[in-house]
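S.K.: Just passing along the structure, written as structure tokens.
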Amino acid sequence: MKVGFWLKGATGKLAGTTLYKDSSTGETVAREVVTPANPKTDKQLIQRVVMHTVASSFAKMKEIVDHSFEGFKKGRDTQSYYYQQNIMWLRQRISQQIKAGSFLEEIKGFLPLKEKGFVVNEYQVSMGSLPRVKATWGDQDGVVAAITENTYQAVINALGLQRGDQLTFLVLYEQGYNNMGFRYARVILDPTNTDGTSAALSSAFLTDGAINLPSVRNEGSLTFSIDATGLHFNMGETPIYGVAVIVSREADSGKWLRSTEYLAVEGVEGIDLQTCIDAAKAGTTTAISMPNAVYLNNAGVNSTAASTEGGGGLPGGGGSESGSSQQGGGLPSGGSEPSEP
């Protein structure tokens with residue numbers, strides 16, 4: 001509003017108002033100063049909630065996803081790319097659901113800022129130029145529908161791969177109330193006889209649920225089966241909520257190639273966005289521990305980081321479970337360990 005002649009030309013604050021000169025008219029104008037009860041906007045809080053949700057997912061799966069993106073160095077570069085891709089995807093999902101008429105309390109899949117944990121979403125867990133292995137959701141387990149015959153050659157042919165490639169199976173499972181566990185198992189598609197000689201690719205891929213032949217590691221935390229619907233990997237009676245399979249290949253240059261993979265999930269749950277926003281207005285963020293070790297190419301074998309940073313092996317092989325302090329006993333006789341990227 002315009003002011004009386006006695007304040008003409010004045011600027012600054014006065015009794016709850018701000019005085020300023022309108023450059024277009026030359027008039028002195030007073031505007032009421034309004035201080036919001038909470039200066040944090042919903043838009044800002046949504047961004048913080050999304051970032052916290054993605055950061056927590058990275059922390060849970062760090063043994064694998066801190067070096068699973070082709071062309072990016074392990075550690076900070078990969079972490080930055082993981083954040084970028086998954087934050088962008090979550091924001092797009094929010095935008096799409098709002099445009100479709102959803103309210104914030106109907107949009108699930110997020111973690112409140114003050115809480116630790118893991119929310120299952122279709123996160124991108126790797127990126128690269130190799131053929132994809134599309135894992136889908138089966139009857140409470142992960143399924144690779146392309147693999148329906150139990151030989152190494154059949155697996156290689158079905159996935160468009162080559163001898164020596166690696167498959168890393170990722171599993172998110174129920175570890176307890178509001179607590180999601182993470183396990184992985186690496187399989188090298190290079191069967192070797194007990195005397196160290198190469199085995200035929202016509203050899204069986206599975207024997208009694210375990211990966212066959214000693215140079216290939218069934219990590220001990222997962223079992224497998226093959227039937228007419230595909231290759232299944234599961235954890236017995238333990239509920240599984242997300243699965244993926246990453247392909248790795250060491251190139252001539254010593255660099256590692258990857259496939260582009262996303263988690264296949266049973267469904268997005270977690271906390272709704274409105275609840276997270278409301279909690280953020282009164283809460284604070286919680287620091288997230290992010291241990292640093294390379295496991296995709298060196299899955300818990302002979303790694304001191306495995307016992308100190310939460311990525312050690314499980315009984316039965318070199319498998320890993322986030323939070324475990326056990327360490328596997330390395331490859332069986334005749335096996336070989338690829339170098340790290």
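S.K.: Just need the relative contact order of the stretch 70-194 here, percent rounded to a whole number, with Cα pairs under 8 Å and 6+ apart.
M.R.: 17
S.K.: FRET efficiency for Lys43 and Ser80, Cβ-Cβ distance as r, R0 = 30 Å, nearest 0.05?
M.R.: Efficiency, rounded to the nearest 0.05: 0.85.
S.K.: Of the heavy-atom accessible surface of the stretch 167-277 (probe 1.4 angstrom), what whole percent is carbon and sulfur?
M.R.: Heavy-atom surface of the stretch 167-277 belonging to carbon and sulfur, 1.4 Å probe: 47 percent.
S.K.: Any chance you could list the semi-axes, whole Å, largest first, of the equivalent ellipsoid that the Cα gyration tensor gives for the stretch 113-163, using √(5λ)?
M.R.: The equivalent ellipsoid of the stretch 113-163 has semi-axes of 30, 16, 8 Å.
S.K.: Just subtract the alpha-carbon distance of Asp139 and Ser198 from 0.36 nm times their residue separation and send over the number in nm, one decimal.
M.R.: 17.7 nm
S.K.: For the stretch 90-133, run through the chymotrypsin sites (Phe, Trp or Tyr not before Pro) and keep only the ones in DSSP coil with at most 12 other Cβ atoms within 10 Å of their Cβ.
M.R.: Passing both the DSSP loop test and the Cβ count: Phe103.
S.K.: Further question: If each of Glu237 and Thr275 carries a label point 7 Å out from its Cα toward its Cβ, how far apart are those two points in nm?
M.R.: Label-label distance for Glu237 and Thr275, simple model: 2.8 nm.
S.K.: Whole-Hz ³J(HN,Hα) for each residue in the stretch 226-234, computed from phi via Karplus 6.51 cos²θ - 1.76 cosθ + 1.60 with θ = phi - 60°, x for glycine and proline: what do you get?
M.R.: 10, 9, 5, 8, x, 8, 10, 10, 8
S.K.: Also, quick follow-up: If Lys and Arg each add +1 and Asp and Glu each add -1, what is the summed charge of the other residues whose beta carbon sits under 9 Å from the beta carbon of Ile271?
M.R.: Here the count lands on -2.
S.K.: Local charge sum around Thr229 (other residues, Cβ-Cβ under 11 Å, Lys/Arg +1, Asp/Glu -1)?
M.R.: -3
S.K.: State the extension gain, in nm to one decimal, for the chain segment bounded by Arg132 and Gln162, taking 0.36 nm per residue of separation less the distance between their alpha-carbons.
M.R.: Taking 0.36 nm per residue and subtracting the Cα distance, the gain is 9.5 nm.
S.K.: Still on this structure, please answer the following. Between Gln97 and Thr229, what length in nm is gained on full extension when 0.36 nm per residue of separation is reduced by their alpha carbon distance?
M.R.: 44.2 nm
S.K.: At 1.4 Å probe size, with every protein chain present, just tell me what the per residue accessible area of the stretch 138-184 comes to in Å².
M.R.: 42
The values are calculated or read from the model by the stated rules, or taken from the named source; none is laboratory data. All of these numbers come straight from a predicted model, not from anything done at the bench. Every residue, glycine as well, gets a Cβ built from its backbone with ideal geometry; the counts of neighbours run over all protein chains shown. Protein only, heavy atoms only, side chains kept; ligands, DNA and RNA dropped before computing areas. Shrake-Rupley method; radii C 1.70, N 1.55, O 1.52, S 1.80 Å.
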